1. Residue by residue through segment 46-58, note down the ones that are surrounded by 11 or more Cβ atoms within 10 Å (Cβ to Cβ) and either part of a loop (DSSP other than H, G, I, E, B) or in contact with a helix residue (DSSP H, G or I) (Cβ under 7 Å, 6 or more places away or on another chain) (or both).
2. Please determine, by comparing only the residues of segment 13-46 that are free of Cβ contacts under 8 Å to residues at least 40 places away in the same chain and small (G, A, S), which one is nearest to L76 (Cα to Cα).
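FYI, it's all coordinate maths here, none of it is from the lab. None of these values were measured; they are calculated from a predicted model. A quick note on method: Cβ atoms are made from the backbone with ideal geometry, for glycine too, and the neighbour counts reach across all protein chains shown.
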Amino acid sequence: MAKVEIFKEGLVVISVNFHGIQRMVTETDEMQLSLSTGTRVDHVLEAVQERFPKLPLQKEDLLITVNDQVSTTDHLLKESDKVSLLPHIGGG
């Protein structure tokens, strides 16, 4: 799958990793975002939702990690952070 890259001058660049159905909707497994300093995980969710409006990103339906550590939506991001949006997997 191709990477989606969105860069803007003078901002921190973070990567967002997609899994499961998210990859089908976005047609990629990773995208790069340039966001302003002081960006939190919830800003990433908003930016991704704006880019992919059909992508289901309800906070209660995701496990969010930053650099492979479970995170909250108010976590402050820094240059080169890796945010993964892991959809809950159910079964029965």
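1. F52, L55, P56, L57
2. Across segment 13-46, the extreme among qualifying residues is G38.
Okay, residues lined up against (1) out of contact with any Lys or Arg (no Cβ under 9 Å at 6 or more places or on another chain); (2) buried (at least 18 other Cβ atoms within 10 Å of the Cβ); (3) among the aromatic types (F, W, Y); (4) assigned to a strand (DSSP E or B):
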site: M24; (1), (2), (3), (4): yes, no, no, no
site: M31; (1), (2), (3), (4): no, yes, no, yes
site: S34; (1), (2), (3), (4): no, no, no, yes
site: G38; (1), (2), (3), (4): yes, no, no, no
site: D42; (1), (2), (3), (4): no, no, no, no
site: E60; (1), (2), (3), (4): yes, no, no, no
site: I64; (1), (2), (3), (4): yes, yes, no, yes
site: E79; (1), (2), (3), (4): yes, no, no, no
